[in-house]
Every structure is written in C-alpha cells, then in structure tokens.
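What follows is a single structure, written as structure tokens, with notes after it.
The values are calculated or read from the model by the stated rules, or taken from the named source; none is laboratory data. In this text the structure is predicted, and so the values were computed from the model without any measurement. Here the Cβ positions follow ideal geometry from the backbone for every residue, glycine too, while neighbour counts run over all protein chains shown.
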Amino acid sequence: MITKSITNLNLLRIQDSKSDSIYYGCSQKWYSTLWQRKAGCGPSVASNIVHYLENKQTNSKQVFSRKSCSSLMEEAWKYFSPKVGGIHTTDMFCEAFVIFAKSRGMTVQYRIVDIPQDKCSRPKLAEVLYFLEEALEKDAPVAFLNLCNGAVKILERWHWVTIVSLDKSEDGKNAFVDILDGGVIMKIDLGLWYSTTTLGGGFVYFTAF
C-alpha cells in the first residue's frame, strides 16, 4: 500500500479539560444550538482546516482545547451558516472559506475535484486519488463533501468530513481514507464510495500564502 498523510495529526488532537477526553477534529455536536448541531458539519470542517493551516508551520506543542475549538467553530459559523439545503456544493464551501480565512489574516488558494451525480461525467478514480495525494503531500487536510454515502454505512449522507490520510494499493484499485468526524478518526473505503454513491460530492484543499 502507498500511504500519504498530513504531517502532524496531533495539531487536530483536542482535549476536553473537564473530562480529560481526547478527540480528533471538531465535532458539530459541540455547537450550542440544535440547528447548529444538525447543520454544522461544514463550519466544523472549516475550523479543522483553518486551525491546521495556521499552526502547521509552528513548533508549538500547545494542545487544542475543546473550549478554544468551540470558540473557533462559533466564529466559522458566521461565514458558513447554512441556508436551505446546507453547504451542498464545493463552490459554496470555498467562497465561505476564503472569507473566513481572510478574517483571520490568511490568504488562501484552493483546488477542487467534484464528483457529479452523472456517473459518465465523473473524473476517474485515479484522478481523484492523484488529487488527494497532491493535497496531502502539500500537508493540506481535505474537505470531503458526501451527498450520498452509497454502500459505505459509517459515512453520513449530505455531510462534510475532513480527510487526513490516504492508503491506496500500487495499482490504484483499492483506496481507503482516514477521516475526522464527530471527534473521532474513521477509515472508509473510498473506492466503494466512488462506485456506489448516487449523488456524488466533491473534494477541496487549501494552501495559504
């Protein structure tokens, strides 16, 4: 297997000072209102990515606390507050992210690979894997929009998650990604998702300059 991953997953390790629980990545369940907890996957993923981009060049060993994480999530919500249908396109996510990043003094560029509903219009799986490898080699977590989870039962539909690593076979026929969702790391079969999703989705990564 060929493995690519972000350099420092510990930057997305979150500690709850009240319970000493350890999480990986922000969880939308930490939002304060019911609507935010239902619709907050986009800003939660944006919070993961902004935090990583801001801190990956530092040598700081400071732990990302749940309190500071929740504060960042509330800030992100101002830019990603979902309308009817939520943040359901990569373009919507990118437009909001650019403004969010700018508000924190950061200029970003982004790249997108969309997976259309029409299977005939989709890029080949090899192209998607190349895109993910490119992102992770640049030490960029990937925002993954899943509109339909297909046969991947542990992945929620109409949902954003953060990809932090990729494992693929030498021939590219088998591929798995580690995602952050709900404060935990989960491994999903990306090839299975690609071949069975009926609505598609998309992938985005950002670089700061």
For residues that are among the small types (G, A, S), within 24 Å of T33 (Cα to Cα) and assigned to a loop (DSSP other than H, G, I, E, B), scanning just segment 51-90, find the one that is modelled with the lowest pLDDT. G85
Given the conditions (1) touching a Pro at 6+ places or on another chain (Cβ under 8 Å); (2) under 26 Å from K29 (Cα atoms), report the number of the one that R122 does not fulfil. (2)
If you go through segment 16-24 one residue at a time, do you hit one that is surrounded by 17 or more Cβ atoms within 10 Å (Cβ to Cβ), over 23 Å from T107 (Cβ atoms) and at pLDDT 95 or above? yes
Going by the structure shown, is V177 without any contact (Cβ under 8 Å) to a residue 60 or more places away in the chain and within 16 Å of the chain's Cα centre (by Cα)? yes
Being without any contact (Cβ under 8 Å) to a residue 12 or more places away in the chain and either of a type in the set (D, E, K, R) or crowded, with 17+ Cβ neighbours inside 10 Å (or both) is the requirement here; does K138 meet it? no
The residue that is surrounded by the most Cβ atoms within 10 Å (Cβ to Cβ), considering only those in segment 97-122 that are without any contact (Cβ under 8 Å) to a residue 60 or more places away in the chain and of a type in the set (S, T, N, Q), is S103
Y79 vs. criteria touching a residue at least 12 places away in the same chain (Cβ under 8 Å), more than 17 Å from the chain's Cα centre (by Cα) and within 21 Å of F144 (Cβ to Cβ): no
Selection from segment 5-31 of residues of a type in the set (A, V, I, L, M) and not in a strand (DSSP E or B) yields I6, L9, L11, L12
I'm told H159 meets every condition in (1) within 18 Å of K29 (Cα to Cα); (2) buried (at least 21 other Cβ atoms within 10 Å of the Cβ); (3) touching a helix residue (DSSP H, G or I) at 6+ places or on another chain (Cβ under 8 Å) except one. Can you identify the failing condition by its number? (2)
